[in-house]
Amino acid sequence: MARPRLLVTRRIYPDVLERLIAHFEVSHNQESDTPRSKQELIDLIAPSEYLFCTVADRIDADILAAAQGLKMIATGAVGTNNIDLAACRARGIPVSNTPDVLTETTADFGWALIMATARRIGEAERYVRGGHWKGWSFDQITGVDVYGSTLGIIGMGRIGAAIARRAQGFGMQVLYHNRSRAQQEQAARYVDKETLLRSADFVILVVPYSQETHHLIAKAELALMKPTACLINIARGGVVNDADLLAALQARQIRAAGLDVFENEPALLPGFCQLDNAVLTPHIASATRATRGAMNHLAADNLLAHLAGRPLKTPVA
Ligand code: DGY
């Protein structure tokens, strides 16, 4: 009997590919990891019944229209803002994502950016590599203390809560803002967004991207932040208005930013690379070998569950 056709848009882990090849007719290209153009996706998806996509594939109405036989989509990410979920619902196409397996790893990375901005790690590294280090001095690349400071978390979901737990070890006061008040097992105080922005030494964004969170941080919000504060974005490009943030960093209106995601990534507004007070990383918050492996496997688990007529392990509501 012919096996159902599965399109895998990007390179995946070989052991996961093996699991899938045992059950599907898999269309994939392990040789290249170049993102597919929209037209390529349209052409490739047309005969597919299953799709394994990533956060970098835009699965919009045009792509879905080209996939008339599509039965299910598994994305290898927790975020689903790249998928037209309303169109999927209308067509009865279930979608799965990869929550939980990346929570702790992503929280760790949020902390890496908090520490890197506070202690100017990127700048210090460039200084040493550039051969500028001529000796020790009291005022060389001085940063700010994290221990005992105030952390403001915008988005108190699983990752936000994991970040808050780590803050206890740093003796921090933790404020959070969320659509709804979270069930808190750790000491974090709910405040309105304005109070959080005015009070926090470190503001970290962990909200999903949606129409409601589009440009959640723009000129007006940046103006509320302390001039000594750092902004960390591990959420999504588009949650921050990048042009407004760039201007605020250039004017030293806030101290620094740690940015893992950008509005038009992988393209950056050119001014970002000229800034000393920004730590820039290429959307790697969940990128440990173990976690990316777990994300790959969970996507495969969901595809195989659907194929076997079982409920999806992690369906997107
Ligand atoms: C996600 O899972 O949504 C991340 O942004 C990619 O790891």
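The values are calculated or read from the model by the stated rules, or taken from the named source; none is laboratory data. Fair warning: this is a prediction, and the values are worked out from it, not measured in the lab. Neighbour counts are summed over all protein chains in view; Cβ atoms, including those assigned to glycine, are modelled from backbone coordinates with ideal geometry. Accessible surface areas use protein heavy atoms only, side chains included; no ligands, DNA or RNA. Shrake-Rupley method; radii C 1.70, N 1.55, O 1.52, S 1.80 Å.
Go through region 110-144 and give me each residue that's polar (S, T, N, Q) and either surrounded by 10 or more Cβ atoms within 10 Å (Cβ to Cβ) or on the phi > 0 side of the Ramachandran plot (or both).
Thr117, Gln140, listed by residue number.
Every residue, every condition in (1) at pLDDT 95 or above; (2) touching a helix residue (DSSP H, G or I) at 6+ places or on another chain (Cβ under 8 Å); (3) within 16 Å of the ligand (Cβ to nearest atom), yes or no:
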| site | (1), (2), (3) |
| --- | --- |
| Leu64 | yes, yes, no |
| Phe109 | yes, no, yes |
| Arg120 | yes, no, no |
| Gly148 | yes, no, no |
| Gly155 | yes, no, yes |
| Ala162 | yes, yes, yes |
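Going by the conditions given, is Ala317 in a loop (DSSP other than H, G, I, E, B) and not assigned by TED's automatic domain parsing to the domain that holds Thr213?
yes
Please work out which residue is farthest from the ligand (Cβ to nearest atom), limiting yourself to region 296-313 and to residues that are assigned to a helix (DSSP H, G or I) and either open to solvent by 10 Å² or more (accessible area, probe 1.4 Å) or among the acidic types (Asp, Glu) (or both).
Residue satisfying both the conditions and the ranking: Leu307.
Condition first: part of a loop (DSSP other than H, G, I, E, B), away from the ligand (no atom under 14 Å from the Cβ) and open to solvent by less than 20 Å² (accessible area, probe 1.4 Å). Can you find one or more residues in region 92-105 that meet it?
yes
Scan region 37-62 residue by residue and report those that are within 16 Å of the ligand (Cβ to nearest atom) and assigned to a strand (DSSP E or B).
Phe52, Cys53, Ile59, listed by residue number.
When residues of region 122-145 are filtered for being aliphatic (A, V, I, L, M), out of contact with any helix residue (DSSP H, G or I) (no Cβ under 9 Å at 6 or more places or on another chain) and touching a residue at least 12 places away in the same chain (Cβ under 8 Å), how many remain?
1
Only one of (1) closer than 30 Å to Glu49 by Cβ; (2) within 16 Å of the ligand (Cβ to nearest atom); (3) open to solvent by 30 Å² or more (accessible area, probe 1.4 Å) fails for Gly79. Which number is that?
(3)
Criterion first (more than 21 Å from the chain's Cα centre (by Cα) and within 16 Å of the ligand (Cβ to nearest atom)) does Asp276 satisfy it?
Against the criterion (more than 21 Å from the chain's Cα centre (by Cα) and within 16 Å of the ligand (Cβ to nearest atom)), Asp276 does not qualify.
Kindly establish whether Phe138 is within 16 Å of the ligand (Cβ to nearest atom) and aromatic (Phe, Trp, Tyr).
So Phe138 fails the test.
Can you tell me how many residues in region 256-277 are of a type in the set (Gly, Ala, Ser) and either in the same structural domain as Val16 (by TED's automatic domain parsing) or open to solvent by 30 Å² or more (accessible area, probe 1.4 Å) (or both)?
1
State whether the residues of region 151-174 include one that is of a type in the set (A, V, I, L, M, F, W, C) and within 17 Å of Arg255 (Cα to Cα).
yes
If you check Leu197 against the conditions, is it closer than 12 Å to Ile254 by Cβ, assigned by TED's automatic domain parsing to the domain that holds Ala107 and touching a strand residue (DSSP E or B) at 6+ places or on another chain (Cβ under 8 Å)?
yes
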